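See below for the structure under consideration.
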Amino acid sequence: MRHTIYCVLCVLATLAVGILAARYVVDSWVLAFFESLQTHISLFAILLALIAFTFKRHWYALFLTATGSILLVHSVLMLQEYTTSSLVASAEASGDHFRLLSFNIEDSNFENGPRIADLIIASKADVVEIFEAGPIFSEMDRILKVYPNRIGCGVMTTDCDSLLLSKRPFQTQLMRSLGSLWDNRFILATIDMDGQPVNFASVHLSKPYFDAFHQIELGLLAPALDEVKGPLILAGDFNASVITPDMRDFLAATGLRHAFPEPATWPIAAGAYGITIDHVFARAPLRLISVKQIRDAMGSNHFGLMTEFSVPRHQ
């Protein structure tokens with residue numbers, strides 16, 4: 001009986017590390033979901049292997065433990081590779097501070113539309129980026145009293161999916177599609193933040209296990225952002241962790257950086273122990289000071305994010 005349990009546990013652990021290790025051999029969208037979960041699956045594989053070792057002292061269980069540990073360490077290193085941590089201290093010391101609220105509120109979450117509108121109005125955010133914004137369309141009149149400038153939900157598009165709200169007027173504004181799967185899920189606007197023009201980008205990407213659409217969308221997004229001059233902050237629902245290969249390629253190509261650790265945004269049931277698939281990225285000289293999880297998901301299947309950032313003053 002002990003041998004049978006050992007074998008079952010080792011088979012499960014082998015499958016877990018095998019799926020994760022495949023990313024180092026082949027680049028395939030089929031693996032994308034598991035790649036985002038590399039930290040969690042590595043821990044699971046290590047736990048299985050250690051339990052197996054208590055049932056039977058055999059070298060293979062130790063091999064699985066070591067392999068899972070290597071995958072775990074590498075996932076943590078990848079989570080830290082493209083971070084702003086070295087810039088945060090200087091950001092706190094100088095520059096004007098502003099707030100950005102970003103939140104995928106889920107397009108079927110109509111019963112919580114009024115609560116989400118209350119959150120937006122009371123947030124004191126300078127700019128708000130909402131994804132799957134349909135549930136707050138009926139609340140737009142009162143939202144516009146605080147945020148009179150908007151892109152989305154009837155402005156530059158007839159639908160109400162991606163939405164960008166600002167207390168300040170737009171100097172430039174753009175809304176377009178990335179790829180052929182979804183329409184009008186990329187917004188780019190320039191806003192004067194107390195004398196410093198700042199570029200705000202909003203994006204909602206397809207799920208990475210929908211064929212190669214996710215990689216294609218990132219491939220279109222990167223050159224679009226390369227054309228943007230000056231401070232840039234990008235927030236969105238990327239449906240993938242920063243450790244997936246296409247996300248790593250995107251960050252390397254654009255020079256965008258994120259805070260570490262990033263707060264978990266999905267799944268809701270996992271709370272702080274989930275993964276981050278909603279991100280806030282910045283490009284110097286704009287600097288991220290803090291990115292925090294909004295703990296009440298208000299019926300959404302994502303947690304929202306509140307970001308404080310710094311824009312250096314003109315000399």
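The values are calculated or read from the model by the stated rules, or taken from the named source; none is laboratory data. Being a predicted model, the structure only gives us computed values, none of them experimental. All Cβ positions, even for glycine, are placed from backbone atoms using ideal geometry, and neighbour counts span all protein chains on display. Note: accessible area is taken over every heavy atom of the protein model, side chains too, but ligands, DNA and RNA are not part of it. Shrake-Rupley method; radii C 1.70, N 1.55, O 1.52, S 1.80 Å.
Pick out the one residue from ALA282, ALA297 that is part of a loop (DSSP other than H, G, I, E, B) and at negative phi.
Details: ALA282 fails: part of a loop (DSSP other than H, G, I, E, B).
Testing whether each residue is part of a loop (DSSP other than H, G, I, E, B) and at negative phi leaves just ALA297.
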Just give me the residues in the stretch 149-184 being touching a residue at least 12 places away in the same chain (Cβ under 8 Å) and β-branched (Val, Ile, Thr), in sequence order. ILE151, THR157, THR172
Considering only residues that are under 30 Å from PHE44 (Cα atoms) and among the acidic types (Asp, Glu), look in the stretch 261-315 and name the one that is farthest from the chain's Cα centre (by Cα). ASP296
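Residues are listed down the side, and each one gets a yes or a no for (1) of a type outside the set (D, E, K, R); (2) closer than 30 Å to GLU35 by Cβ:
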| position | (1), (2) |
| --- | --- |
| GLN171 | yes, no |
| LEU174 | yes, no |
| GLY179 | yes, yes |
| ASN184 | yes, yes |
| ASP192 | no, no |
| GLN196 | yes, no |
Is there a residue being closer than 16 Å to GLY304 by Cβ, assigned by the TED database to the domain that holds ALA222 and not hydroxyl-bearing (Ser, Thr, Tyr) anywhere in the stretch 140-156? yes
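Just to verify a result, which residue in the stretch 62-86, among those that are of a type in the set (Gly, Ala, Ser) and modelled with pLDDT under 95, is nearest to the chain's Cα centre (by Cα)? I'd like the intermediate steps shown before the answer.
First pass over the stretch 62-86, keeping only residues of a type in the set (Gly, Ala, Ser): 66, 68-69, 75, 85-86.
The next check asks that each one be modelled with pLDDT under 95; those that pass are 85-86.
Details: SER85: 17, SER86: 20 Å.
Across the stretch 62-86, the extreme among qualifying residues is SER85.
What about ILE121, is it outside the structural domain of SER42 (by the TED database), open to solvent by less than 50 Å² (accessible area, probe 1.4 Å) and modelled with pLDDT of 95 or more? Give the steps one after another, and end with the answer.
Details: outside the structural domain of SER42 (by the TED database): yes; open to solvent by less than 50 Å² (accessible area, probe 1.4 Å): no; modelled with pLDDT of 95 or more: yes.
No: the conditions fail for ILE121.
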Between residues in the stretch 37-48 that are farther than 21 Å from TRP59 by Cβ and residues that are assigned to a helix (DSSP H, G or I) and open to solvent by 20 Å² or more (accessible area, probe 1.4 Å), which pairs lie under 7 Å by C-beta distance while being six or more apart or on different chains? THR39/LEU72; THR39/VAL76; ILE41/PHE34; LEU43/LEU72
Taking the stretch 127-162, which residues are farther than 22 Å from PHE238 by Cα, open to solvent by less than 40 Å² (accessible area, probe 1.4 Å) and of a type in the set (Asp, Glu)? GLU139
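Which one is farthest from the chain's Cα centre (by Cα), of the residues in the stretch 216-242 that are β-branched (Val, Ile, Thr) and surrounded by fewer than 23 Cβ atoms within 10 Å (Cβ to Cβ)?
The first filter runs over the stretch 216-242 and keeps only residues β-branched (Val, Ile, Thr), leaving 216, 228, 233, 242.
Filter once more, keeping what is surrounded by fewer than 23 Cβ atoms within 10 Å (Cβ to Cβ): 216, 228.
Details: ILE216: 17, VAL228: 21 Å.
Only one residue tops the list, namely VAL228.
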Residues that are in contact (Cβ under 8 Å) with a residue 40 or more places away in the chain and among the acidic types (Asp, Glu), drawn from the stretch 247-273: GLU262
Yes or no: the stretch 288-295 includes at least one residue that is assigned by the TED database to the domain that holds GLU227, more than 22 Å from GLN196 (Cα to Cα) and basic (Lys, Arg). yes
Of residues in the stretch 163-211 being closer than 16 Å to ASP246 by Cβ and open to solvent by 30 Å² or more (accessible area, probe 1.4 Å), the one modelled with the highest pLDDT: LYS207
When ALA297 is run through (1) more than 24 Å from LEU77 (Cα to Cα); (2) in contact (Cβ under 8 Å) with a residue 60 or more places away in the chain, the failure sits at (2)
So ILE130 passes all but one of these: (1) in contact with a helix residue (DSSP H, G or I) (Cβ under 8 Å, 6 or more places away or on another chain); (2) assigned to a loop (DSSP other than H, G, I, E, B). Which condition number does it fail? (2)
